[in-house]
Amino acid sequence: MNAGGLFTSALAFAAALRIGPRPGQAAEIHALITTAMKAAVDEPAPAFERTSGDSVRVSYGPSGGLARRFVAGEPADVIIIDSGALGDLIRQGKVLPGRTDIARTGIGIAVRKGAPRPDVSSPEALKRALLAAKSIGHTAPAGGGITAAHITKLFERLGIAAEVAPKVRLAAGGPNGRVSVLVSSGVARSACNRSRS
């Protein structure tokens with residue numbers, strides 16, 4: 001089953017839990033979903049609403065930010081976030097144990113349309129590309145973007161953290177603060193961000 005199908009199943013399950021034994025009564029389902037899954041969720045949600053009669057209210061954002069909002073009391077019937085953030089919620093007893101992984105992502109490099117593609121075919125080539133970049137964008141850790149921690153560790157493993165630090169430009173994350181906007185607007189010449197697979 002694809003991510004959209006699993007999302008539809010999760011919505012149906014959440015609706016059943018919310019309305020319990022009251023058939024024929026529509027539910028309003030609140031979902032907190034990582035921005036990385038927006039494309040996969042936006043497609044099946046309207047069809048689910050039409051078929052079920054239930055309404056879906058989705059709030060998108062960076063995984064870490066959504067987890068903080070949930071812990072602070074924002075209600076959610078469905079949560080689709082990074083496995084690390086979800087694991088934290090499970091350990092804190094904020095959500096039931098157990099999870100279903102619906103997608104895997106890697107981290108990709110983006111450059112502005114028309115710019116030459118950097119060689120990232122090996123760790124040494126990636127290191128050279130990052131050192132040669134005039135600016136590098138990624139999500140801001142403060143906004144709950146989980147990619148930032150992975151990228152920072154990568155810079156450290158490559159031994160270039162100090163050299164690239166002045167080049168880093170941060171995006172707030174979420175649907176209105178995407179890393180891609182840093183590149184398309186020229187704020188960053190290249191960017192590291194999650195890529196869907």
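The values are calculated or read from the model by the stated rules, or taken from the named source; none is laboratory data. Everything numeric here is computed off the predicted structure, so don't read it as measured data. All Cβ positions, even for glycine, are placed from backbone atoms using ideal geometry, and neighbour counts span all protein chains on display.
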Quick test for you: out of A162, A110, A148, pick the one residue that is touching a residue at least 24 places away in the same chain (Cβ under 8 Å) and not polar (S, T, N, Q).
A110
Name the single residue, out of those in region 28-57 being of a type in the set (A, V, I, L, M, F, W, C) and loosely packed, with under 14 Cβ neighbours inside 10 Å, that is modelled with the lowest pLDDT.
A39
Residue under evaluation K127, criteria (1) of a type outside the set (A, V, I, L, M, F, W, C); (2) at pLDDT 90 or above; (3) loosely packed, with under 13 Cβ neighbours inside 10 Å, criterion not met
(3)
Given (1) more than 19 Å from the chain's Cα centre (by Cα); (2) loosely packed, with under 12 Cβ neighbours inside 10 Å; (3) not small (G, A, S), where does P118 come up short, assuming only one miss?
(2)
Pair list, Cβ under 6 Å, 6 or more apart: region 43-55 residue part of a helix (DSSP H, G or I), other residue of a type in the set (V, I, T)
P44/T8; A45/V56; F48/T8; E49/V56
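Before we move on, is S135 hydroxyl-bearing (S, T, Y) and within 30 Å of K38 (Cα to Cα)? Even if it seems obvious, please write down each step before you answer.
Details: hydroxyl-bearing (S, T, Y): yes; within 30 Å of K38 (Cα to Cα): yes.
Answer is yes for this residue.
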Any residue at all in region 151-158 that is touching a strand residue (DSSP E or B) at 6+ places or on another chain (Cβ under 7 Å) and either in a helix (DSSP H, G or I) or under 26 Å from A115 (Cα atoms) (or both)?
yes
With respect to L86, determine if the residue is outside the structural domain of A162 (by TED's automatic domain parsing) and either surrounded by 13 or more Cβ atoms within 10 Å (Cβ to Cβ) or in contact with a Gly (Cβ under 7 Å, 6 or more places away or on another chain) (or both).
yes
Among what's in region 58-68 and is in contact with a strand residue (DSSP E or B) (Cβ under 8 Å, 6 or more places away or on another chain) and not small (G, A, S), pick the residue that is surrounded by the fewest Cβ atoms within 10 Å (Cβ to Cβ).
V58
Just to check your reading of the model, which residue among G145, G93, G98 is assigned to a loop (DSSP other than H, G, I, E, B) and surrounded by 11 or more Cβ atoms within 10 Å (Cβ to Cβ)?
G145
